[in-house]
């Protein structure tokens with residue numbers, strides 16, 4: 001049996017957080033005892049999921065004491081400080097864990113320097129697999145470090161073919177080590193359960209609505225969405241906009257909505273456990289992110305037969321939407337681009353045909369598909 005350790009000290013419930021959970025579930029469900037998955041609880045970030053993992057018979061390995069709640073989680077400097085603390089506290093416990101447990105594979109879900117340093121400085125038996133999501137910003141020093149550390153990396157996985165191509169062009173890694181691995185976004189059983197017999201009521205409104213889903217951060221670019229929707233609404237009063245998520249930009253977005261006098265048209269809905277229910281009744285999903293890889297939410301929307309209007313940002317949306325055949329793509333942050341795309345959507349006659357194209361692409365992002373891709377990568 002192959003023992004796999006998963007490392008992802010997530011500070012927030014980002015896409016990586018759900019990707020790791022679903023990856024562990026996929027191996028547990030489909031591996032037929034070929035693989036034994038363990039999740040490393042680095043600083044207590046998985047404490048709240050221990051009962052869940054226990055029910056699923058997935059082992060959680062505590063690396064050290066729990067200090068997660070004391071770490072800053074908002075902002076660039078706060079997150080970098082937190083990862084520095086994690087690095088310093090985890091250094092020796094991780095060495096001890098790798099020596100004692102001897103996993104066959106160590107999978108790093110976040111680009112943190114610690115596993116890379118350890119795998120190069122010590123002769124561990126474990127094969128190191130690095131998941132890279134989103135094209136990293138690389139200065140001269142970081143490039144040199146990556147090139148040096150990359151020699152002992154066993155495999156590198158990317159959630160989009162676009163990112164794989166970009167990494168190959170960098171020539172920092174052996175191209176033969178880089179693989180496309182679709183994230184396990186769709187848990188079919190959970191999806192069916194969450195989309196059956198669900199009714200919603202939006203402030204007693206009978207209007208049609210668009211939805212947007214994501215953390216309220218600058219990356220998701222909701223400020224641009226609000227401005228463009230305001231212009232669209234001037235000539236079209238038939239639609240509302242629902243934005244789901246929480247984050248540090250919430251106050252700024254509230255002020256922007258109030259300034260534009262759109263608090264009866266645009267609603268910040270907060271975090272929603274079952275956003276699928278809204279996807280089933282919305283007219284379209286709007287994604288305005290500055291980058292994605294390829295974007296969990298557009299895949300979930302496609303599974304719900306929901307039309308997707310997406311920014312043509314790096315690493316994924318265009319690839320997933322077949323360069324615009326499976327949805328509408330627009331150039332981000334350009335004046336009137338999204339407004340024009342919303343108007344185009346209202347006039348489209350072949351929406352169902354386009355949705356079928358994106359839904360077909362979403363099937364490679366199921367747990368079963370992910371397991372088969374990952375198994376073949378590890379054993380190749």
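Structure above, values below:
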read-out	value
Residue pairs meeting the criteria (Cβ under 7 Å; at least 6 apart or on separate chains; first not assigned by TED's automatic domain parsing to the domain that holds residue 75, in the range 2-20; second buried (at least 19 other Cβ atoms within 10 Å of the Cβ) and modelled with pLDDT under 85)	none
Filter pass, residue 172 being over 30 Å from residue 74 (Cα atoms) and in a loop (DSSP other than H, G, I, E, B)	yes
Among (1) surrounded by 18 or more Cβ atoms within 10 Å (Cβ to Cβ); (2) under 22 Å from residue 380 (Cα atoms); (3) modelled with pLDDT of 90 or more - the single one residue 132 does not satisfy	(3)
Residue in the range 21-33 that is assigned by TED's automatic domain parsing to the domain that holds residue 126, more than 28 Å from residue 299 (Cβ to Cβ) and in contact with a strand residue (DSSP E or B) (Cβ under 7 Å, 6 or more places away or on another chain) present	no
The one condition in (1) within 16 Å of the chain's Cα centre (by Cα); (2) not in a helix (DSSP H, G or I) that residue 163 fails to fulfil	(2)
The range 162-191, residues that are in contact (Cβ under 8 Å) with a residue 60 or more places away in the chain and either in contact with a helix residue (DSSP H, G or I) (Cβ under 6 Å, 6 or more places away or on another chain) or crowded, with 21+ Cβ neighbours inside 10 Å (or both)	162, 163, 179, 180, 181, 182, 183, 184, 185, 186, 187
Considering residues of the range 12-25 that are at pLDDT 90 or above and under 27 Å from residue 82 (Cα atoms) only, the residue surrounded by the most Cβ atoms within 10 Å (Cβ to Cβ)	23
For residue 334: the one exception among (1) in contact (Cβ under 8 Å) with a residue 12 or more places away in the chain; (2) within 22 Å of residue 243 (Cα to Cα); (3) not in a helix (DSSP H, G or I)	(1)
Yes/no for residue 272 being within 21 Å of residue 190 (Cβ to Cβ) and surrounded by fewer than 20 Cβ atoms within 10 Å (Cβ to Cβ)	yes
Within the range 26-58, tally of residues that are in contact (Cβ under 8 Å) with a residue 40 or more places away in the chain, within 23 Å of residue 87 (Cβ to Cβ) and part of a helix (DSSP H, G or I)	0
Residue match in the range 27-38 (condition: surrounded by fewer than 20 Cβ atoms within 10 Å (Cβ to Cβ) and more than 20 Å from residue 370 (Cβ to Cβ))	no
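The values are calculated or read from the model by the stated rules, or taken from the named source; none is laboratory data. What you see is a predicted model; the values in this text were computed from it and never measured. Cβ atoms come from the backbone with ideal geometry, glycine included; neighbour counts cover every protein chain shown.
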